[in-house]
Amino acid sequence: MHNAERTATLILGIGNLLWADEGFGIRCIEAMNARYRFPDDTRLMDGGTQGMFLLPWVSGASRLLIFDAIDFGLLPGTLRVVRDDDVPRYMGAKKISMHQTGFQEVLAAARLLGDRPQRLALVGVQPERLDDYGGDLRESVRRRIPEAIAAACSILREWGVHFSPRATPLSPEERTGPAPEGRSPHAPAR
């Protein structure tokens with residue numbers, strides 16, 4: 001498995017914090033990790049723009065939940081949930097960044113290896129702006145994070161994943177990546 005351990009559920013945020021709304025998936029993972037505790041067989045991961053480097057993690061998961069900014073051709077800030085066989089179609093249908101086609105290829109490679117997760121879900125948002133290097137999420141996208149987290153929690157419950165709210169949410173220093181305030185990166189959490 002190339003340093004990736006088998007896990008029942010992988011919750012993956014993909015995107016690039018340096019390009020405005022492209023950071024949506026990463027911000028969702030940070031928010032989810034800050035609010036909830038998960039069992040040992042569930043991993044939250046900031047997948048960034050790693051593309052094929054994520055294959056060992058994806059093929060080692062029974063269930064995969066993805067957060068990402070996706071061009072659905074809808075109004076900016078529109079949230080959409082896509083399931084199972086429809087997920088690969090949206091991960092590269094309208095390429096808006098380098099990681100999308102890469103991730104579509106990751107899912108195809110996992111399928112060819114006979115090791116694709118049995119359950120897939122994508123919680124995606126229609127971006128407003130991507131071509132703003134160094135820019136933060138636009139308000140239309142940022143305000144959808146709580147709804148994205150709620151949709152993900154619903155999917156996880158449906159899949160039988162047991163998680164619980166943290167008594168005290170994690171501080172920005174304990175999150176999976178840099179806080180919006182520009183603080184330094186920190187170790188990924190389980």
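Miscellaneous remarks
- Net charge of Cβ neighbours under 11 Å - reference Phe67; Lys, Arg +1; Asp, Glu -1: -1
- Protection proxy ranking of 137-144, 67-74, 161-168, 108-115 - average other beta-carbon atoms within 10 Å, highest first: 67-74, 137-144, 108-115, 161-168
- Building the convex hull from the alpha-carbon atoms of segment 7-165 and averaging its projection over directions returns 8.0 nm².
Here, each number is a calculation from the coordinates, and none is a lab measurement. Everything numeric here is computed off the predicted structure, so don't read it as measured data. We place every Cβ from the backbone using ideal geometry, glycine too, and count neighbours over all the protein chains shown.
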